[in-house]
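Step one of this worksheet: look at the structure below.
Readers should treat all values here as calculations from the given coordinates under stated rules, not as data from a laboratory. Everything quoted here is computed from the prediction, not taken from an experiment. Neighbour counts are summed over all protein chains in view; Cβ atoms, including those assigned to glycine, are modelled from backbone coordinates with ideal geometry.
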Amino acid sequence: MIDSMNIERSDSWVFDADLDRRAQVLSALGDPVRLAIVDLLRVRDLSPDALAAAVEIPGNLLAHHLNVLQSAGVIQRTHSQHDRRRTYVQVVEGSLNGLLDSPASIAAPRVVFVCTHNSARSVLAEALWRTVSDIPSASAGSHPAERVNPRAVTAARRAKLEIARKKPESIGEVLRDDDLIVSVCDAVNEELGPVANQRIHWSVPDPSLVDTDQAFTDAVSDLRDRVTHLAPRIHSRTNDRPRRNP
């Protein structure tokens, strides 16, 4: 006969362990400023300066709130690959699962992924986007390369993705006034001048700096998580319910 008491004790121990984690996270979020910070970071990475301006608090107070969130495993800091003096703050993947309502949706007729050369991260993000949303997408670069990186093509093939274009294009040629810009490269985010477009930044490491198949596979995995998280939050102005491509 099954020992029901042992089952109950085992289930209770697992549940209590999850309760401890959730309680720590919820405690860290139990402040309006920290909750506002996390809401801002749920679909984008932001520098501390941008965060401080967005929530209208001084830098020393922001540092305190970020330390609380980092201790609870909610956020992490990463250095810009373009300017090592600059850092970005991002939500730790999975740390908020089941804890918060979805952030407000964004209206955009098209999503344009941008990086420096339009040869790896941006084209991979564009390919991933087409697997989860029917909102039109494109990609571009601030200094387009001559060709898409062969390792990106190989990584896309391994992930069963189709890269739409084989030749990189410039941002000026691709971008429209009402596009949503998603920068996947620190350099582009930091160099892109003022534009009227809505902007989201993802601080995704450049796989070409490592130049191994594994680095490109890791980039696909990172971008897949981010694209999958963002897609349900984007809707067109004529269709409020993004649909998956057939």
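In whole Hz, what ³J(HN,Hα) sequence does segment 131-145 give by Karplus (6.51, -1.76, 1.60; θ = phi - 60°), x for Gly and Pro?
7, 10, 8, 9, 5, x, 9, 7, 8, 7, x, 6, 9, x, 6
When the chain is fully extended, how far beyond the present Cα-Cα distance does Asp177 get from Asn97, taking 0.36 nm per residue of separation?
25.4 nm
Could you pull out which residues in segment 126-146 have an amide N less than 20 Å from a spot 7 Å beyond the Cα of Ile163, following the Cα-Cβ vector?
Within reach of a label on Ile163: 126-132, 137-146.
Report, in debye and to the nearest 20, how large the dipole of the chain comes out about its Cα centre when Lys and Arg carry +1 and Asp and Glu carry -1 on their Cβ.
740 debye
Whole Å is fine, so just give me how far the alpha carbon centre of segment 29-53 lies from that of segment 193-208.
Segment 29-53 and segment 193-208 have Cα centres spaced 17 Å from each other.
For the ranges 83-94, 35-46, what's the packing order if you count other beta-carbon atoms within 10 Å of each residue, average per peptide, and put the highest first?
35-46, 83-94
Run the quick spin-label model on Ser221 and Val195: label points 7 Å from Cα toward the beta carbon, then report their separation in nm to one decimal.
Placing both labels 7 Å along Cα→Cβ, they lie 3.0 nm apart.
Hand me the trypsin sites (Lys or Arg not before Pro) from segment 98-175 located in a DSSP loop with no more than 11 other Cβ atoms within 10 Å, in residue order please.
Lys160, Lys166
Obtain the nm distance between the two label points defined at Asp211 and Arg84 by a simple spin-label model: each point lies 7 Å from its Cα along the Cα-to-C-beta direction.
Result: 1.9 nm between the two label points.
Which three lengths, in whole Å and largest first, does segment 106-235 cover when its Cα atoms are put on their principal axes?
Projected onto the principal axes, the Cα atoms of segment 106-235 cover 37, 29, 23 Å.
Which value in Å is the Kirkwood Rh of the chain over different Cα pairs?
19.5 Å
Note down the nm distance, to one decimal, between modelled labels 7 Å out along Cα→Cβ at Arg110 and at Glu146.
According to this spin-label approximation, the distance is 2.8 nm.
To the nearest 500 deg cm²/dmol, what mean residue ellipticity at 222 nm is calculated for the chain from DSSP H runs of n ≥ 4 alone, each contributing -39,500 (n - 2.57), summed and divided by the residues?
That comes out to -13500 deg cm²/dmol.
Using alpha carbon coordinates only, what is the Rg to Rh ratio of segment 143-191, with Rh defined as the Kirkwood radius?
With Rg and the Kirkwood Rh in hand, the quotient comes to 1.00.
Extension gain Arg77-His229, at 0.36 nm per residue separation less the Cα-Cα distance, in nm?
Separation in residues times 0.36 nm, less the Cα-Cα distance, equals 52.8 nm.
What ranking, highest mean first, results for peptides 211-217, 230-236 when packing means the other Cβ atoms within 10 Å averaged over each residue?
With the highest mean Cβ count within 10 Å placed first, the list reads 230-236, 211-217.
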